[in-house]
1. So what's the angle, to the nearest 10 degrees on a 0 to 90 scale, between helix 187-199 and the longest Cα principal axis of the chain?
2. Select from Glu113, Glu223, Glu196 the residue whose mean-square fluctuation is largest in a Gaussian network model of the chain (Cα-Cα springs shorter than 10 Å).
3. Can you give the FRET efficiency to the nearest 0.05 for Leu221 and Lys72, using r as the Cβ-Cβ distance and R₀ = 35 Å?
4. Which of Phe20, Phe62, Phe248 moves most in a GNM of the chain, Cα contacts under 10 Å?
5. So what is the relative contact order of the range 75-137, in percent, for Cα pairs below 8 Å that sit 6 or more residues apart?
6. Mind checking the angle between helix 221-234 and the chain's longest principal axis? C-alpha axes, 0 to 90 degrees, to the nearest 10.
7. Please find, in a Gaussian network model of the chain (springs between Cα atoms separated by less than 10 Å), the residue of Ala197, Ala28, Ala237 whose mean-square fluctuation is greatest.
8. Angle between the Cα long axis of helix 31-45 and the longest principal axis of the chain, 0 to 90 degrees, nearest 10?
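Read-outs: derived from the displayed coordinates by stated rules, not from any lab. Predicted model only: the values in this text are computed from it and were never measured. Every residue, glycine among them, receives a Cβ derived from its backbone with ideal geometry; neighbour counts consider all protein chains shown.
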Amino acid sequence: MAEYGMIKAETRGKVGLITFDRPSALNALCDQLTTELGDALKAFDSDPGVGAIVITGSEKAFAAGADIKEMKDRTYPAVHFEDFIGTKWETVLTVKKPVIAAVAGFALGGGCELAMMCDIILAAENAKFGQPEIKLGIIPGAGGTQRLIRAVGKSKAMDLILTGRMMDAAEAERCNLVTRVVPVESLVEEALKMGEAMASFSLPSVVMAKEAVNAAYEMTLREGVRFERRLFHSLFATEDQKEGMAAFAEKRKPAFRNA
Ligand code: CO8
């Protein structure tokens, strides 16, 4: 695994674990950190030994947003022509394997948006989510206005985006932003367990299940069901479908080969 300066990337069993390591700035997402995150995600996605990926920060902060000090002097023409927050910030959306955000502490602005780009958010009891951009004279720029409303509905999204307030883990669980809340000290272990469970199944089915669920964001119900049906049918062309069903009939554990 490559060495990075602002993140750590390691494999734990069949799970790729990426840990933000920029404590001096509460893991603010500067250019270097974002580049390293993208590189590590691509490396894990193409590693046949990895079946799922966990992204986490420290106990104090998942990520306190885009780096304000790096952004503050940028001009309109510069951000426009560079396409600031362009595709590089969204590499996580191109990953085929499941990506779990394990969030403790602050997940603010771009940090909250990054967590929402992941497939699942698992929160520690001390997690705090928010889109405080309004306090800086800007608005969310990495999908916050679009993904938050889909996750929590209009009133809550407007409340968070227009007041810039933070919501705690209990509120985030009540409004379905996160799948569940766990103690801070077991956050990473629980996320790895979740990833390991996913990685134990046939990769083609895991990848297609993720793709089908994500398609629901962008399709009508009729198109989405049609898309799901096509993927479902295609899995009957895999060896793992034969193995999974034979193993059930023979009352044994399946030995998936990702084929
Ligand atoms: N950028 C740069 N530095 C930061 C950031 C940040 N977002 N957040 C914290 N830091 C730095 C602080 O400046 C401080 O550095 P120093 O010690 O050198 O002064 C250090 O981290 C510790 O921070 P605090 O002393 O402020 O710690 P506190 O515990 O008192 O407060 C808070 C924690 C409440 C999280 C506070 O730091 C804060 O409000 N941070 C800013 C949060 C914010 O506004 N985030 C949104 C940024 S804008 C954005 O994300 C736009 C999205 C664009 C898309 C991104 C795509 C992924």
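1. Relative to the chain, helix 187-199 is tipped by roughly 40 degrees.
2. Of Glu113, Glu223, Glu196, the Gaussian network model singles out Glu223 as fluctuating most.
3. Computed FRET efficiency for Leu221 and Lys72: 0.20.
4. Answer for the Gaussian network model of the chain: Phe248.
5. Rounded, it is 32 percent for the range 75-137.
6. 50
7. Ala237
8. 0
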